[in-house]
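Since every read-out is calculated from the coordinates, none of them should be taken as a lab result. What you are looking at is a predicted structure, and each value in this text was computed from that prediction instead of being measured. Here the Cβ positions follow ideal geometry from the backbone for every residue, glycine too, while neighbour counts run over all protein chains shown.
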């Protein structure tokens, strides 16, 4: 009996002495502070900048294991160029074709960390029904309690350059740049 008591005591001590592992935390995208933007050269005259006004999704992080997942859905019908007629032009069949493809998605396959911070997110971008692997470079990251929501929140900026022709949107290339820079400013609140 004494040895059984010693075994139970040893197991109890081992339980308290074992390191605690953080569970993955899920953050829901804050649509009022998340805006994917895209820019491209317009005939070499200027760099045009537009954005999407409706974005949703989740970000999951396990800070201890240095892993994560990103799942973003962009409403492509919410494109905002600053000019209603041009919004329609961008949504037409030659470009986003929002009648057939009203959303674009990004689903990660890997989040790369440097220390405690993500520095890249590898995944698949699906745009106009075409899926391609891309790597978003994370240019800024913050995780801290949100001062108003009283919950943990994350914020990040990330960027990637894609080619329009890879997504069947090559009209006017190369006069209108084939390379498009996508920047996303994202904030998300812990569920």
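GNM on the chain, alpha-carbon springs under 10 angstrom: the most fluctuating residue among 53, 30, 166 is 166.
Please work out whether the range 56-102 counts as rounded, prolate or oblate from its C-alpha gyration tensor, where a ≥ b ≥ c are the square roots of the eigenvalues and a/c under 1.5 means rounded, while otherwise a/b larger than b/c means prolate and anything else oblate? Before the final figure, lay out the partial values.
Details: a/c = 4.71, a/b = 3.04, b/c = 1.55.
Prolate shape, in that a/c is at least 1.5 and a/b is the bigger ratio.
What's the exposure ranking of 90, 186, going from fewest to most Cβ atoms within 10 Å? Provide the component values of the computation, followed by the final result.
On the way: 90 18, 186 23.
Ranking 90, 186 by Cβ neighbours within 10 Å, fewest first, gives 90, 186.
The alpha-carbon atoms of the chain define a convex hull whose volume equals 154 cubic angstrom per residue. Extending 7 Å from Cα along the Cβ direction at residue 173 and again at residue 94 yields two label points whose distance is 1.5 nm.
Ordered by the number of other Cβ atoms lying within 10 Å of each residue's own Cβ, fewest first, 29, 73 fall into the sequence 73, 29. Look at where the Cα atoms of the range 128-188 and of the range 43-109 average out, and the two centres are 8 Å apart.
Would you mind getting me the FRET efficiency between residue 28 and residue 139? Use the beta-carbon distance for r and R0 = 35 Å, nearest 0.05. The partial results should precede the final answer.
On the way: r = 22 Å, r/R0 = 0.63.
Once rounded, the FRET efficiency stands at 0.95.
If I fit a long axis through the Cα atoms of helix 2-17 and take the longest principal axis of the Cα atoms of the chain, what angle between them do I get, 0 to 90°, rounded to 10? In the chain, helix 2-17 runs at an angle near 30 degrees to the longest axis.
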